[in-house]
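To start, the structure itself, in structure tokens.
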Amino acid sequence: MNERLLHLVGLEEDRFIASFHQQVQKARKKAWHDRHIKHKKFQVGDLVLLYDSKFAKLPSKFCMHWLGPYQVKHVINGGDVQLAKLNGEVMPTLINGSRLKLYRDNPPSYLA
């Protein structure tokens, strides 16, 4: 009977140690992920390209995945952006900033 009780206590200790290691590993993964997040800052008047999400499930090399350029009309603290077409027509919905990238008129010199 005493052996059985010691065995159960040992199992509880092993379970506690395993859960502790799992929490430590989860915290390390979160810290790594948070360090590698690229924060994008958009300002009113910036020209941006919008990612066309219909291609997310159908990757294809020769399809155009970016739409635009669009002009930033309004930026909200949470990262949402109000866009307008270049002719001034405002888009009715807010767009998540993670779906946008800055538009450059001139390509970098090493691509030319």
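Computed quantities for the displayed model
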{"quantity": "Inter-label distance for C63 and L47, nm, one decimal - labels placed 7 Å from Cα along Cα-to-Cβ", "calculated": "2.6 nm"}
{"quantity": "Mean ellipticity per residue at 222 nm, deg cm²/dmol - from DSSP H runs of n ≥ 4 across the chain, formula -39500 (n - 2.57)", "calculated": "-11000 deg cm²/dmol"}
{"quantity": "Nitroxide proxy distance, nm - points 7 Å out along Cα→Cβ at F20 and H39", "calculated": "3.5 nm"}
{"quantity": "Cα principal axis extents for the chain, largest first, Å", "calculated": "83, 32, 28"}
{"quantity": "C-alpha long axis of helix 2-35 to longest principal axis of the chain, angle in °", "calculated": "20 degrees"}
{"quantity": "DSSP-loop chymotrypsin sites (Phe, Trp or Tyr not before Pro) across the range 1-85, with at most 11 other Cβ within 10 angstrom", "calculated": "F62"}
{"quantity": "Long-range lysine pairs (8 or more apart or interchain), the range 1-84, Cα under 30 Å", "calculated": "28"}
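A short reminder: the numbers here are calculations on the coordinates, not readings from a lab. Not measured: the values here are computed from a predicted model. Positions of Cβ are generated from backbone atoms using ideal geometry, with glycine treated the same way; all protein chains shown enter the neighbour counts.
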